[in-house]
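The values are calculated or read from the model by the stated rules, or taken from the named source; none is laboratory data. For clarity, every value in this text was computed on a predicted model and none was experimentally measured. For neighbour counting, all protein chains shown are included, and Cβ atoms are generated from backbone atoms with ideal geometry for every residue, glycine included.
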Amino acid sequence: MNSSVIGKFAENAVNFLFQHFRGGFDAFSAALGAVIKLLEDGLAAVPFVAMLIILVAFALWRRGVVFSVFVGFALLAIQYMGLWAQTVSTLALVMAATVFSLVIGVPLGIWGARNKRVEMVLRSLLDFMQTMPAFVYLIPAVILFGLGRVPAVIATIVFSMPPVVRLTTLGIRQVREELLEAGRSFGSTDSQLLWKIQLPNALPSIMAGVNQTIMMALSMVVVASMIGAGGLGEYVLSGIQRLDIGIGFEGGLGVVLIAIVLDRLTESFGVKPKKAKRAVRAPKPGTNTAART
């Protein structure tokens with residue numbers, strides 16, 4: 001089956017980049033690989049018991065007793081299935097992809113919120129990124145960066161970045177005009193309006209974008225394992241290749257448990273704290289409550 005003119009154009013574009021910028025791609029691949037290895041080594045250096053205590057305490061602080069108990073059982077279940085090493089590798093990949101997605105996506109979302117033309121271009125580009133099948137991203141990533149975790153992270157970034165861009169733009173645009181007018185009346189500059197009014201008020205929407213970015217990055221785990229990403233996805237892929245229901249189910253269950261934990265924890269940062277209500281004391285019998293003149 002031969003590709004059409006459009007397919008040949010895409011193929012020639014990728015080949016052009018590979019032939020003329022191979023050194024730059026190799027340098028970027030080495031730098032990104034070092035970041036991923038640093039994250040994985042850092043997570044692996046923490047003993048399981050210490051990580052269990054840290055995450056349970058964090059869950060207790062953010063979500064309460066019930067969820068902290070669930071986090072404890074989830075991590076113990078992963079350890080019991082012998083998947084803790086694969087989970088650490090998956091977390092390193094997800095963390096790297098999420099950080100780069102935020103570094104790129106949040107500024108793009110701010111730019112789109114402040115410029116309608118940029119927002120129109122971004123909307124079309126994000127539609128393309130979200131609707132293109134995830135497997136398609138693996139082809140140019142492998143050609144430009146080879147096999148391994150680096151192309152897996154690159155493909156994951158492209159696939160998971162749109163939510164944070166969209167929700168950052170939406171959150172900033174939903175900031176009430178009265179707040180902006182009040183800031184301008186006090187002489188605030190555009191940068192002061194952004195950092196002191198728009199971003200704080202848009203934080204719930206931005207955190208929802210972070211949450212969705214993490215979930216979409218986790219959904220790429222199995223797909224990325226096809227090009228050597230490792231982690232829990234490789235465990236699931238092994239179960240598919242061997243038609244082993246047990247291995248596939250355990251790997252899938254590990255992904256589900258980690259997804260629930262990360263989803264609930266990141267979701268908690270997007271909830272506005274409830275304002276404490278002041279207790280109103282009833283006046284004592286015989287007390288004159290009228291204002292003195």
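Is one or more of the residues making up the range 136-143 in contact (Cβ under 8 Å) with a residue 24 or more places away in the chain, assigned to a helix (DSSP H, G or I) and under 26 Å from residue 193 (Cβ atoms)?
No, every residue in the range 136-143 fails to be in contact (Cβ under 8 Å) with a residue 24 or more places away in the chain, assigned to a helix (DSSP H, G or I) and under 26 Å from residue 193 (Cβ atoms).
Any residue in the range 103-120 that is in contact (Cβ under 8 Å) with a residue 24 or more places away in the chain and part of a loop (DSSP other than H, G, I, E, B)?
no
Does the range 71-102 hold any residues that are touching a residue at least 24 places away in the same chain (Cβ under 8 Å), more than 23 Å from residue 155 (Cα to Cα) and in a helix (DSSP H, G or I), and which are they?
Of everything in the range 71-102, those that are touching a residue at least 24 places away in the same chain (Cβ under 8 Å), more than 23 Å from residue 155 (Cα to Cα) and in a helix (DSSP H, G or I) turn out to be 71, 74, 75, 76, 77, 78, 79, 84.
Condition check: at negative phi, in a helix (DSSP H, G or I) and modelled with pLDDT of 85 or more. Does residue 44 satisfy that?
Here the answer is yes, as residue 44 does meet what is asked.
Where in the range 185-293 are there helices (runs of 4 or more DSSP H), lying wholly inside it, with at least 1 residues that are among the aromatic types (Phe, Trp, Tyr) and modelled with pLDDT of 85 or more?
245-268
What about residue 188, is it surrounded by fewer than 18 Cβ atoms within 10 Å (Cβ to Cβ) and under 21 Å from the mean Cα position of the chain (by Cα)?
no
Within the range 250-261, is there a residue that is under 28 Å from residue 41 (Cβ atoms), of a type in the set (A, V, I, L, M) and free of Cβ contacts under 8 Å to residues at least 12 places away in the same chain?
Yes, the range 250-261 has at least one match.
Sort out which residues of the range 36-55 are over 15 Å from residue 229 (Cα atoms) and touching a helix residue (DSSP H, G or I) at 6+ places or on another chain (Cβ under 7 Å), and write them in order of number.
43, 44, 48, 52, 55
Residue under question is residue 21, and the condition is that it be within 28 Å of residue 152 (Cβ to Cβ), surrounded by 11 or more Cβ atoms within 10 Å (Cβ to Cβ) and modelled with pLDDT of 90 or more; does it hold?
The answer is no for residue 21.
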